[in-house]
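Working notes for the structure below.
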Amino acid sequence: MALTLSASRRHVLKTGMALAGGLACPTVIPGLARAATGTRPINMQLGWLANDNQLGEIVAKRLGYFDEEKIDFAIQPGGPSIDGVAIVASGRFEIGQVSSSPSLLQAASQGIPVKCFAVGAQQHPYSYFSLPAAPIRSPQDMVGKKVGVQATGRILLSALLRKHGIAESDVEVVVIGADMSPLLTGQVDCITGWETNRTALKVLGPDMITMRLWDQGVRLYAMPYYATAETIEGQGDLLAGFLRAAGRGWQYARENPEQAVDLFLQEYPDAVREDELAACKTLLDYVFTEKTRQDGWGCFDPAVWQEQIDLYAGLDQFSAGTPSIDAVMSTAVLDATRGNRPKIG
């Protein structure tokens, strides 16, 4: 999953002009029909094809939680040729979700008017995996080793090495694809991926060693939800309804993982139940933590956002200028739903 954003304000404006010229999605319910039913739409634009990262939303949809909030909810899939942030910024869809928080830092730096209003995972599952024959349990173990990373993950390796005072020249970087074979064939000593991607990781066996980026001091959020500043300010009640319904869906998944996966399979029947159940159980440990037990599902810590801004600024990642924290996130919708989001860990 991509960890960086390449959209520019010019691209956002061009996208908006194109949409105004007649490219609007024909499946959106007409305004008069929505008025008759009293519902309002929320289209959630993804940066990837829908998967179990949207388990809670799919559960909420199948169980009617969005209907109870008078929300007509739909997931809009992303992909390599779809710039989800630009689509939401143009006003085509109401909200979006990116895989990783740095995408929203870059958007804010470029003046794209979207902000995070909640997060899906309290800690990022991005990790470094190795095998017992050559274990890597700490960044210091990487010295003199070959580290396999996807191109979008190079900046995260730089951040990790900088955090622990390790020169980049002390590590050999090998750019890899999405599969784990370079580790199995000895081309690299460790390899990167999401700990929640159990389908890809199962080839490494049960004894694989996991070093989580978050545990090593590089704290990113995964699956943040975002909307334009205008939507957050002008349609906060709609976003609050989304959080109430989605939160109920994620709580149901936490308490009933097998039933939740079955609901997911009703929506996406080509998925493999065994793989989805394994991924679900891992993912839910990232979605619900001690932080959510205290502040509720979807919460985030502004200090973590500022920490990320400072980290990326130190790595010279903001060519258009370092964004302010207020340009990156808003707590308004979280504050409005403080008593309506599940407080479980």
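Here are the numbers:
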{"read-out": "Filter result for LEU265 (modelled with pLDDT of 95 or more and of a type outside the set (Gly, Ala, Ser))", "value": "yes"}
{"read-out": "Residue count, region 268-281 (criterion: in a loop (DSSP other than H, G, I, E, B) and not small (Gly, Ala, Ser))", "value": "4"}
{"read-out": "Whichever residue in region 216-266 is part of a loop (DSSP other than H, G, I, E, B) and open to solvent by less than 10 Å² (accessible area, probe 1.4 Å) and, among such residues, is nearest to ARG162 (Cα to Cα)", "value": "VAL218"}
{"read-out": "Region 165-187 residues that are free of Cβ contacts under 8 Å to residues at least 12 places away in the same chain, paired with ones that are open to solvent by less than 40 Å² (accessible area, probe 1.4 Å) (beta carbon under 7 Å, 6 or more apart)", "value": "GLU168/SER158; GLU168/LEU161"}
{"read-out": "Some residue of region 282-305 being polar (S, T, N, Q) and in a loop (DSSP other than H, G, I, E, B)", "value": "yes"}
{"read-out": "Condition met for PRO323 (free of Cβ contacts under 8 Å to residues at least 24 places away in the same chain and not in a helix (DSSP H, G or I))", "value": "no"}
{"read-out": "Cβ-Cβ under 9 Å pairs, at least 6 apart or on other chains, region 274-296 side in contact (Cβ under 8 Å) with a residue 12 or more places away in the chain and open to solvent by less than 20 Å² (accessible area, probe 1.4 Å), far side assigned to a loop (DSSP other than H, G, I, E, B) and among the aliphatic types (A, V, I, L, M)", "value": "PHE288/ILE344; THR292/ILE344; GLY296/ILE344"}
{"read-out": "Qualifying helices (runs of 4 or more DSSP H) (wholly inside region 102-208; at least 2 residues being exposed (fewer than 15 other Cβ atoms within 10 Å of the Cβ) and either modelled with pLDDT of 95 or more or hydrophobic (A, V, I, L, M, F, W, C) (or both))", "value": "181-184"}
{"read-out": "Residue match in region 151-174 (condition: under 22 Å from GLN122 (Cα atoms) and of a type in the set (Val, Ile, Thr))", "value": "yes"}
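The values are calculated or read from the model by the stated rules, or taken from the named source; none is laboratory data. Nothing here was measured: the structure is a model prediction, and the numbers come from that model. Neighbour counts run over all protein chains shown; Cβ positions are idealised from the backbone, glycine included. To get the accessible areas, we keep the full protein, side chains included, count just its heavy atoms, and leave off ligands, DNA and RNA. Shrake-Rupley method; radii C 1.70, N 1.55, O 1.52, S 1.80 Å.
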